[in-house]
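Laboratory data are not the source of any read-out in this text; all were calculated from the coordinates shown. Note that the structure is predicted; figures quoted are calculated from it, not measured. Cβ: placed from backbone, ideal geometry, glycine included. Neighbour counts: every protein chain shown.
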There are 2 protein chains.
Amino acid sequence: MKKNLLVAQSGGPSAAINATLCGVVEMGLEHPEIEKIYGVKNGIMGMLSERFVDLTELLADESARQLLCQTPSSALGSCHMKLSPWEENAFEYEKAISIFRKYNIGYFMYIGGSDSMDTVHKLSEYCRNHHINDIKIIGVPKAIENDLPETDHSPGFGSAAKYIGTTLTEIACDCNVYALPSITVVEIMGQDTGWLTASSALARLNGDAAPDLIYLSERPFSVEQFLFDVREKMMEKRSVIVAVSEGLRNEEGAYLTDSLQNRVEDEFGHRILAGVSRFLEEILRQEIGCKVRSVELNLMQRCASHVASATDIQEACTMGREAVRYALEGGSGEMACLRRVSEAPYASEVFFIPVDQVLNRVKKVPDEWINEEGNDITQEMMDYLIPLIQGEIPCAYENGVPVHFHLS
Amino acid sequence: MKKNLLVAQSGGPSAAINATLCGVVEMGLEHPEIEKIYGVKNGIMGMLSERFVDLTELLADESARQLLCQTPSSALGSCHMKLSPWEENAFEYEKAISIFRKYNIGYFMYIGGSDSMDTVHKLSEYCRNHHINDIKIIGVPKAIENDLPETDHSPGFGSAAKYIGTTLTEIACDCNVYALPSITVVEIMGQDTGWLTASSALARLNGDAAPDLIYLSERPFSVEQFLFDVREKMMEKRSVIVAVSEGLRNEEGAYLTDSLQNRVEDEFGHRILAGVSRFLEEILRQEIGCKVRSVELNLMQRCASHVASATDIQEACTMGREAVRYALEGGSGEMACLRRVSEAPYASEVFFIPVDQVLNRVKKVPDEWINEEGNDITQEMMDYLIPLIQGEIPCAYENGVPVHFHLS
């Protein structure tokens, strides 16, 4: 009997998560044993309220799938939701299974970060414990912060890294024009991990002079050492550019910005939440006194599809395809991972691991990939990063701005 | 006798100012009556200290000039300097003229904003008053904020507008994924003018749902009305995106952020300079209470060459070329301007006006191009903007990041 394929997206947006969706749909369309391909809006939350969309026709056309691939964020929407353990709330699980039955779902692909993998684990464990063997559930990772363990890297990271590298080359040009000394602090995503901040170093590949100092979340941050480092750089060059992780903490483990959050109010009592770059900007202005600016790469670093990495988009798509293939072969309760199989030329392959191996674990930047002084990265980190940002996707523009896929 | 051509850049960086430099050099190379083409580093300030660079060989190669065209910011550096009136400080002018003589300069092209045009005016007036007729001085505008009068628009603006439109399409995708209500406030450059903020509306051209509300510097801003507008939008849709000019002022003409600047301190007494978007973010959080984010497009909006407007780059280059032609024909003390000569298809031409016509004047957004409620733009504004962002420049990447021209 033919079965239907269900796909959902969850977690924070990225430039590659729709490429994974595209891969899932492609593989579904290629397999006659799959009848319909359903998407569900807003992840597991939308699944439980049956927010189904039939993608079989909507994405039958290759041009629609191409447009989807260059659309940032999650075309199917996202959610913030973790299931309770099934021993505590069996109702949710029974409901999920009854919905799977109603739509004749044989394969469920859940694309997302660690919370989504938790859902994959719980649902598949429930099935296993209840001898439900005809619903195969596979997780496909997406994590711009690259913090999922076991996989060499996660889709979305390469495109974010490419955006960060590209933007830093341009900021370097911008900051170098004046004859007067200046400091620019660039704040990059990564509450607990410095992968994205490290990728600012990619800006140096073609000779652009940025960044001069790089501070990752993994190492304790000392304001005194920071001021010393900056002063030293300023003796060498006029314009100093510093890349910092948003999640910098002091030696006691407290976020740098903690000291600020409850103290900064305007005259109406409105609290101002200042990020770490703004905090450092002010310290530099007071302590060094030259022109200082702070820049947050903010949402742009995760949604700038117009400068996506072709390697990232292609791998994201392949992972979606392979996940469906693996489910068709009987796999369930597992997560797709990437393994580097060759360095020059770079090549990767997809493999699968039981999804519980990634739960409650965070992949940090290895300490030896950070320099001794804690203010830069090492060549090993560069070698890791470079292949992931290679290649450009020809982004389709109409009327001067990119065209995106919209689920009506 | 053959003369040499001198070119300098000044003012804030943009994605198009190097294209104008490229046009100047190209035209210089094409004219045998010009012997050498000198650039000078750091504008008029560098000129007075003879920071000359011979560009004749450096940019003889078309591939070098192409690379220059895709390099953001000013390859020759910039400065913040206005000359004193020559009646007060003749020494500076005498020095300038003696340097022109030393290098046999017959033509000086100064690319920049209003301060640079002031320099063009003063230098050429000095020459006129001292019967120096063999040094022709022409200003070529660059103003990402598009605030120079007389010209239909200024080079650099189109590329910044294209970056803003593109980025807003991506932010729209990013912000629309969750089922919960949210507000995103995007802060865009423009202390006194709203041209760049208005260009956020370009994101709507292909159906992306952003921005929902647009507030320009030109209209007084009322926090009460703003909260009313946002609440009204939230009844229609889940995710509301607001674009605001950095220079919003209240009805008394005071900057919104003024109330904040002297009050916001951390525990060490460091003042935090919060921008208008951060200010509005906190007001929204307190008054409406849903998820609120603020995003500053910051330096990226003026230096994102990888997403430059082909129309802008081509016009910037043409203005550089035409400025040299005009000087060769004897013009001096004038500024290049653009005039729209056709709407469909769009076409522009270069003309020249006495540079003093643009001094101390700011081109604001016409009031009738802002809607009655002051929270959006009109179709006339869209019609003005659309041609300026058309076309993409194939940006050259190496190692996964853009390649830039570097003056060694």
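Here are the numbers for the structure shown:
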quantity	calculated
Length-normalised contact order of chain B in % [C-alpha pairs under 8 Å, at least 6 apart]	22
Which of A:ILE389, A:ILE99, A:ILE105, B:ILE135 has the fewest Cβ neighbours within 10 Å, and the rest in rising order	A:ILE99, B:ILE135, A:ILE105, A:ILE389
Max mean-square fluctuation residue, GNM over chain B, Cα-Cα springs under 10 Å, options B:GLY43, B:GLY194, B:GLY331	B:GLY331
Zone of B:VAL362's modelled label, taken as backbone nitrogen in segment B:168-198 under 18 Å from a point 7 Å along Cα→Cβ	B:188-198
Residues B:TYR326, B:TYR103 arranged by fewest to most Cβ contacts within 10 Å	B:TYR103, B:TYR326
Value of Rg to Rh for chain A (Rh from inverse mean 1/r over Cα pairs, i.e. Kirkwood)	1.01
Partner chain coverage, peptide A:158-164 - average Cβ within 10 angstrom	1
Exam field: A:GLY289 pseudo-label spacings to other copies (7 Å along Cα-Cβ), nanometres	4.8
Relative intensity, log₁₀ I(q)/I(0), of segment A:271-408 from a Debye sum that treats every alpha carbon as a point, q = 0.11, 0.12, 0.19 Å⁻¹	-0.73, -0.85, -1.30
Top of A:MET382, A:MET109, A:MET235 by mean-square fluctuation, Gaussian network on chain A, Cα under 10 Å	A:MET235
Equivalent ellipsoid semi-axes - Cα gyration tensor, segment A:160-303, angstrom	23, 18, 15
Modelled FRET efficiency - R0 35 Å, B:HIS31 with A:ILE288, Cβ distances, 0.05 increments	0.15
Förster radius 56 Å - calculated FRET efficiency between B:LYS102 and A:ILE132 (Cβ-Cβ, nearest 0.05)	0.05
At most 12 other Cβ within 10 Å, DSSP loop - trypsin sites (Lys or Arg not before Pro), segment B:160-256	B:LYS237
Given 13 as the ceiling on other Cβ atoms within 10 Å, longest exposed-site-free region of chain B for GluC sites (Glu not before Pro) in DSSP loops	B:89-250
Within the protein assembly as shown, percent of DSSP bridges classed antiparallel, to nearest 5	35
Burial ordering of A:TYR178, A:TYR107, fewest other beta-carbon atoms within 10 Å first	A:TYR178, A:TYR107
Within a Gaussian network of chain B (alpha carbon springs, distance under 10 Å), most fluctuating of B:PHE226, B:PHE91, B:PHE108	B:PHE91
Segment A:43-150 shape via C-alpha gyration tensor axes, a/c threshold 1.5	oblate
Förster radius 51 Å - calculated FRET efficiency between B:LYS2 and A:ASN371 (Cβ-Cβ, nearest 0.05)	0.40
Using a 7 Å Cα-to-Cβ projection, B:PHE351 label spacings across copies, nm, ascending	7.1
Proximal aspartates and glutamates to B:LYS233, defined as alpha-carbon separation beneath 14 angstrom and excluding residues fewer than eight positions away on the same chain	B:ASP212, B:GLU373, B:ASP376
Under the Karplus curve 6.51 cos²θ - 1.76 cosθ + 1.60, θ = phi - 60°, whole-Hz ³J(HN,Hα) for segment B:371-376, x wherever Gly or Pro sits	5, 4, 6, x, 10, 6
Nearest-first distances (nm) between copies at A:CYS395, label 7 Å from Cα via Cβ	0.7
Using alpha-carbon coordinates, inclination of helix A:276-287 to the longest axis of chain A, degrees	0
Rough spin-label spacing in nm, given labels placed 7 Å along Cα→Cβ, for B:LYS82 and A:ALA254	4.7
nm² value of the averaged projected area, convex hull over the Cα atoms of the protein assembly as shown	35.2
Length gained when the stretch B:VAL341-B:LYS95 is fully extended (0.36 nm per residue, less Cα-Cα span)	84.4 nm
Full-extension gain in nm, B:ASP192 to B:GLU232, via 0.36 nm per residue minus C-alpha separation	11.7 nm
Length released on extending from A:VAL223 to A:GLU57, taking residue separation times 0.36 nm less the Cα-Cα span	54.1 nm
